[in-house]
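The numbers here are math on the coordinates, done by the rules we state, and not lab data. None of these values were measured; they are calculated from a predicted model. Backbone-built Cβ (ideal geometry, glycine too); neighbour counts: all protein chains shown.
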Amino acid sequence: MKTTFTFLFLLSPVLFFAQAPTIWNSRGMGGGGALFAPSINPANTNEISISCDMTPLFHSTDKGDNWITTPFEKISAGHASKMIYTNNPLIRYCISYPSVNGFDYVIPKKTTDGGNTWSQLSGNPDSTTEVYFLDADFNMPGRLIMSDYSNTYFSADGGASFNLVHTATNPGAGEHIMDVFWDGNTIYIGMIDGILQSTNNGSTFSMLSSSGIPAGEKILSFASGKQGTSLRFYAITADAGDVYTGMSGE
């Protein structure tokens, strides 16, 4: 009896004060969701964007000290919603995950007024197919690489039109693009099948001949950089059966 009384006595203050709060204060961003695709504006390193799988796209202009949420009518974020900055402060790209009539879509979007308004890319080859990857050339904002589950496309006119440049060799695994390195007229695309290269400003693409990846493995994650004339590629590989479109290798 004594034990039961003590238990009730300790519990009663919790019950008494368990009331709905009247004031809420922000303690950070995320809303309990996971955060993905951080992006820093190369032209202004104070500006940062990061997406959340619970639909918010967060934006900071003071190196992350303060954050605002992009209205969902403009961008509804997901794990691939990386803000793609360009050297034109008015032109940016991003993948959005809107829900329309109960159906979820994953579409590429563009702004030409610094983010005030966003519209779908008019040249999207198939607006009913999920977009898994989107990237733009920072120095030439009209050049884009975009992929769905099976195909990779190139645009030279800011998304008004696209050309098919590669189709997955393994339909089950899909394309799985990790990153693009823009080097003037030369473009390198790190993908599951290897490094897709164009040396003529995107007119044609072919797979770059390379060695060093063990048989039975595929590229999971890809990074690149250039200093002077020295160009370097870095990759993390995994068993071919464990790499497929939509997985995170970052």
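At-a-glance table
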| read-out | value |
| --- | --- |
| Proximal charge balance of Gly114 [Cβ under 15 Å; K/R count +1, D/E count -1] | +2 |
| Filter on Lys74/Lys226; Lys109/Lys226; Lys82/Lys218 - keep pairs with C-alpha separation over 31 Å | Lys74/Lys226 |
| Relative contact order (%) - criterion: Cα under 8 Å, at least six apart; region: segment 37-104 | 27 percent |
| Sparsely packed GluC sites (Glu not before Pro) within segment 47-133, loop by DSSP, other Cβ within 10 Å at most 12 | Glu73 |
| Dipole magnitude of the chain about its Cα centre (Cβ charges: Lys, Arg +1; Asp, Glu -1), debye to nearest 20 | 600 debye |
| Residues Ser96, Ser206, Ser230, Ser211, sorted so that the one with the fewest Cβ neighbours within 10 Å comes first | Ser211, Ser230, Ser206, Ser96 |
| Mean ellipticity per residue at 222 nm, deg cm²/dmol - from DSSP H runs of n ≥ 4 across the chain, formula -39500 (n - 2.57) | -2000 deg cm²/dmol |
| Rounded if a/c under 1.5, otherwise prolate or oblate - segment 99-250, Cα gyration tensor axes | oblate |
| Tilt relative to the chain, helix 2-17 - C-alpha long axis, 0 to 90 degrees, to 10 | 60 degrees |
